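All remarks here apply to the structure that follows.
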Amino acid sequence: MRRPLSFLIPLLALAAAALLPLVSGPYPLAVARSVLTYMALAISWDMLLRSGQISFGIAGFFGLGAYAAALSVLRGGMSPILSILFAGVFAGAVALILGLVILRLRAVYFSITTLALAEIFRVIIQNWSDFTGGPEGLVLPKLIFNGESKSLYWLVLAAVVIACAASTMFEKSRIRLALSAIRNNEQSAAASGIGIFKYLLVAFVVSSFIQGIVGGIQLQGYGFASPDAVFDSNYTLLPLAMALLGGIHGTPGPVIGALLLGIAAEFLKLHIPYGHLVVYGIIIVLVILFMPQGLYGLLRSRRHAVAPVAENRVDAGAWGK
Amino acid sequence: MAVKRSTILWAAVVAAAVVLILLWKPTVLVYGVQRAGLYAAVAIPMALVLGIVHIVNLAHGELMMVAAYLAYFVANRLLGLDPFVAMVPVALVMAAFGWLIYKATIKHALKAPELNQLILTFGLAIAFSQIANLAFTSQSFKLSLSYVSASATIGDVSFGVFDFVYVAVAVLLAVGLRLFLQRTRMGKAALAVGQNPRGAAIVGINVDRTYGIIFSIAVGLMGIVGSLFLTKQAIFPGVGGPYTMKSFCLVAMAGVGNIVGVLYCSLALGLSEAVINGIRGYAGWSNIVFFAIIIATILVRSYRERKR
């Protein structure tokens with residue numbers, strides 16, 4: 001019974017998301033675009049989290065992607081679509097080189113290093129004025145699709161689809177087993193012959209690639225990049241809170257979390273211009289204290305309690321301890 | 001022996017650097033030491049918490065921000081107290097606040113995976129800075145006190161002397177905490193809990209209470225640091241964030257539990273930042289030196305630990 005449904009729901013959701021521009025006005029569409037942007041970032045963050053490594057550097061690779069896209073258009077003369085791909089590849093390549101070194105760090109040392117790296121990227125771009133435009137930032141001469149909002153929305157949706165596809169691939173393949181084995185007990189994972197480092201590197205590079213692409217799309221959509229705008233800590237904070245609220249270690253959680261928090265944030269922003277993000281902080285604290293498995297996890301455990309089918313126990317493994 | 005030799009080596013390197021800086025720009029040395037004092041004063045309470053409660057408190061800098069706002073709005077605006085007087089009541093209020101935070105949140109995450117603790121304190125950090133944003137907007141506030149511009153002249157070099165307050169506070173905190181941990185009953189109990197909570201519990205130490213007290217002492221000390229921070233710096237909701245990161249980096253460099261080591265590491269970083277700042281046109285790069293050194297140290301440390 002559950003099998004066909006589990007295929008049907010994502011497909012229906014995708015169809016609904018794809019058709020949204022045909023029925024909605026410009027404002028809801030802009031909100032949806034920002035929700036999808038954060039959704040892709042939240043999914044990419046979660047992909048690395050499944051190995052137990054917490055990155056606080058989402059904004060770093062996002063910003064790097066935005067600048068890579070801007071500079072490849074302004075200085076390299078690339079077409080907009082190509083520049084977005086380039087942004088992803090560039091962020092992925094930087095992650096590959098850095099990952100060779102920093103993925104040997106564990107726990108809080110890794111987290112702080114990612115945070116410091118994001119700061120380093122920002123400082124480099126801010127001070128290398130000749131090439132990057134410095135603190136004033138860069139402005140593109142024209143937007144992708146001439147700024148047409150429906151096409152832009154579909155572009156962001158495409159990034160989300162890529163993120164979901166990569167994330168699902170991670171979940172269905174051996175990588176999931178390897179990553180959760182590393183998370184649960186690294187030593188025993190290594191002892192069972194799992195090439196820990198290889199899998200960590202793949203997860204880090206793919207998640208940074210997605211963050212770079214999203215950064216590139218964001219830049220092409222707004223046509224403007226400055227160090228303060230693209231390395232804004234919100235790009236780390238919001239995806240993190242969304243994934244946590246929805247439920248970590250799986251694709252559906254970040255999707256649900258991004259929908260709920262993204263839409264809620266829009267309403268709050270209208271009513272409380274300063275400090276509406278306080279809600280995010282409080283949600284993070286409450287979720288960790290009272291609902292560490294997130295909304296989707298809660299939903300699942302409810303369902304498991306009603307029908308404890310043997311098949312479900314395999315799924316439960318994905319949720320860790 | 002090996003430890004001693006490396007200590008001598010380090011001392012020689014630092015001494016050589018100091019002499020070189022003195023010959024080049026003496027003021028850089030002064031500002032480097034002052035900067036180091038501020039970094040160390042902020043980082044030492046975090047070292048205490050990390051060494052004993054084993055929690056990386058990502059809301060550390062934000063607690064300093066909260067203390068500075070308290071010192072500004074309640075103590076200075078409302079009661080007309082100078083920050084140097086205000087630091088006593090602010091420290092007491094902050095200590096009570098720290099106790100509350102411990103009881104309400106951190107206590108419940110102690111047994112959870114490290115991920116949860118990190119994200120929990122990250123959430124607290126956001127909540128604090130955003131509440132400040134909500135209440136006072138992102139506008140920055142600054143006191144204008146006449147004594148902060150006190151200066152001294154040695155030979156033909158003149159420099160501001162007020163910031164040596166931070167150096168004094170940092171040294172006092174380090175020495176005071178060391179005495180507290182080694183001489184008092186409570187401190188010894190805390191050290192025992194930090195080394196082995198289960199063992200400490202077996203010999204009859206109330207582990208939960210010790211954690212609570214240590215956390216609350218650390219937050220109380222942030223009350224002092226925050227009040228002093230207000231004397232010279234402008235405060236705004238995001239002012240604490242960078243200090244969280246820098247404090248953690250210093251603590252990681254010094255090694256968990258090594259409070260006095262934080263002083264040396266701050267000195268090394270303060271000086272190197274001041275040197276970069278002193279080179280014309282490169283002031284913007286000083287942050288990168290900080291983070292590059294930090295990343296290098298963390299890496300070296302982790303590789304060395306792995307080899308063992």
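Below is a table of values for the structure above.
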read-out: Cα-based radius of gyration of region B:91-147 once divided by 2.2 N^0.38 Å, which approximates compact folds; value: 1.51
read-out: Entries of B:LYS111/B:LYS188; B:LYS188/B:LYS232; B:LYS103/B:LYS232; B:LYS103/B:LYS188; A:LYS198/B:LYS107; A:LYS150/A:LYS269 with Cα pairs more than 25 Å apart; value: B:LYS188/B:LYS232; B:LYS103/B:LYS232; A:LYS198/B:LYS107
read-out: Whole-Å distance, taken between Cα centres, linking region B:282-300 and region A:45-71; value: 20 Å
read-out: For residues of B:130-138, the mean tally of beta carbons on other chains within 10 Å; value: 5
read-out: Region A:92-215, relative contact order in percent, only Cα pairs under 8 angstrom and at least six apart counted; value: 38 percent
read-out: In order through region B:130-145: 3J(HN,Hα) via Karplus (6.51 cos²θ - 1.76 cosθ + 1.60), integer Hz, x for Gly, Pro; value: 6, 5, 4, 4, 5, 7, 10, 6, 8, 4, 9, 10, 8, 8, 10, 9
read-out: Accessible area, probe 1.4 Å, largest first, for residues A:VAL73, B:VAL262, B:VAL85; value: B:VAL85, A:VAL73, B:VAL262
read-out: Three-way shape label, region A:13-167, alpha-carbon gyration tensor, a/c 1.5; value: oblate
read-out: Peptide-level mean, for A:96-106, of C-beta atoms on other protein chains within 10 Å; value: 2
read-out: B:TRP24 - accessible surface, heavy atoms, 1.4 Å probe, Å² rounded to 10; value: 120 Å²
read-out: Backbone N within region A:242-256 under 16 Å of label point (7 Å from B:ALA112 Cα along the Cβ vector); value: A:242-249
read-out: Compactness of the protein assembly as shown as Cα Rg over 2.2 N^0.38 Å, two decimals; value: 0.99
read-out: Spacing of the two label points (7 Å from each Cα toward its C-beta) at B:LEU78 and A:THR168, in nm; value: 5.6 nm
read-out: Qualifying trypsin sites (Lys or Arg not before Pro) for region B:81-169 [loop in DSSP, other Cβ within 10 Å: at most 15]; value: B:LYS111, B:LYS142
read-out: Nearest 10 degrees, 0 to 90: helix A:294-306 Cα axis against chain A principal axis; value: 20 degrees
read-out: Relative contact order %, chain B, counting alpha carbon pairs below 8 Å whose residues are six or more apart; value: 36 percent
read-out: Summed side-chain charge close to A:GLN126 - residues other than A:GLN126 whose Cβ falls under 12 Å, Lys, Arg +1, Asp, Glu -1; value: -2
read-out: The protein assembly as shown: calculated mean residue ellipticity at 222 nm from DSSP helix runs of at least 4, using -39500 (n - 2.57); value: -25000 deg cm²/dmol
read-out: Protein accessible surface hidden between B and A, which excludes ligands and nucleic acids, total in Å², probe 1.4 Å; value: 3500 Å²
read-out: Residues of type aspartates and glutamates that B:LYS142 reaches as a straight line, Cα spacing below 14 Å, ignoring anything fewer than 8 places off in the same chain; value: B:ASP82
read-out: Positive minus negative residues near B:VAL275 (Lys, Arg vs Asp, Glu; Cβ under 14 Å); value: +2
read-out: Sites A:HIS271 and B:ALA15 - FRET efficiency at Förster radius 60 Å, r taken between beta-carbons, to 0.05; value: 0.50
read-out: Kirkwood-Stokes translational diffusion coefficient of region B:25-307, alpha-carbon pairs, 37 °C, 0.692 mPa s, µm²/s; value: 168 µm²/s
read-out: Under 15 Å, Cβ to Cβ, from B:ARG198 - net charge with Lys/Arg +1 and Asp/Glu -1; value: 0
read-out: Inter-probe distance in nm under a simple model that places probes 7 Å from Cα toward Cβ, at B:ALA104 and A:ILE81; value: 5.3 nm
read-out: Lys/Arg +1, Asp/Glu -1 at C-beta; region B:1-113 dipole; positive extreme among B:LEU50, B:ILE21, B:GLY98; value: B:LEU50
read-out: Tensor-based shape of region B:207-271 (alpha-carbon gyration tensor, a/c under 1.5 rounded, otherwise prolate or oblate); value: oblate
read-out: Residue list for region A:69-96, given a label point 7 angstrom along the Cα-to-Cβ vector of A:ALA158 and an amide N cut-off under 11 Å; value: A:80-85
read-out: Solvent-accessible surface (1.4 angstrom probe) belonging to B:ARG209, in square angstrom, nearest 10; value: 120 Å²
read-out: With all protein chains modelled, accessible area of A:GLU171 [1.4 Å, Å²]; value: 50 Å²
read-out: Relative contact order (percent, whole number), region A:27-234, Cα cutoff 8 Å, 6+ residue spacing; value: 45 percent
read-out: Listed residues B:ALA104, B:ALA132, B:ALA71, most fluctuating in chain B (Gaussian network, C-alpha, under 10 Å); value: B:ALA104
read-out: Phi to ³J(HN,Hα) by Karplus 6.51 cos²θ - 1.76 cosθ + 1.60 over region B:121-126, Hz, x for Gly, Pro; value: 6, 4, x, 4, 4, 5
read-out: All-pairs alpha carbon distance profile, chain A, 20 Å steps from 0, percent; value: 32, 59, 9, 0
read-out: Estimated distance in nm for a label pair at A:ALA107 and B:GLN139, the labels positioned 7 Å out from Cα along Cα-to-Cβ; value: 4.4 nm
read-out: Other-chain or far-sequence residues with amide H under 5 Å of A:PHE224's (modelled H); value: A:LEU140
read-out: R0 of 41 Å, Cβ-Cβ distance A:VAL89-A:LYS150: FRET efficiency to nearest 0.05; value: 0.95
read-out: Three-way shape call for region B:119-273 based on the alpha-carbon gyration tensor, with the a/c threshold at 1.5; value: oblate
read-out: For region A:233-289 versus region B:220-263, the gap between their alpha-carbon centres in whole angstrom; value: 28 Å
read-out: Listed residues A:VAL101, A:VAL156, A:VAL89, most fluctuating in chain A (Gaussian network, C-alpha, under 10 Å); value: A:VAL101
read-out: FRET E, pair B:LEU22, B:TYR303, Förster distance 25 Å, beta-carbon r, rounded to 0.05; value: 0.15
read-out: Contour excess over end-to-end distance, with Cα ends at B:ALA234 and B:ALA296 and 0.36 nm allotted per residue; value: 19.2 nm
read-out: For residues of B:285-297, the mean tally of beta carbons on other chains within 10 Å; value: 4
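The values are calculated or read from the model by the stated rules, or taken from the named source; none is laboratory data. Values in this document were obtained by computation on a predicted structure and should not be read as measured data. Here the Cβ is made from the backbone with ideal geometry for all residues, glycine too, and neighbour counts use every protein chain on show. What goes into the accessible areas is simple: the full protein's heavy atoms, side chains included, and nothing from ligands, DNA or RNA. Shrake-Rupley method; radii C 1.70, N 1.55, O 1.52, S 1.80 Å.
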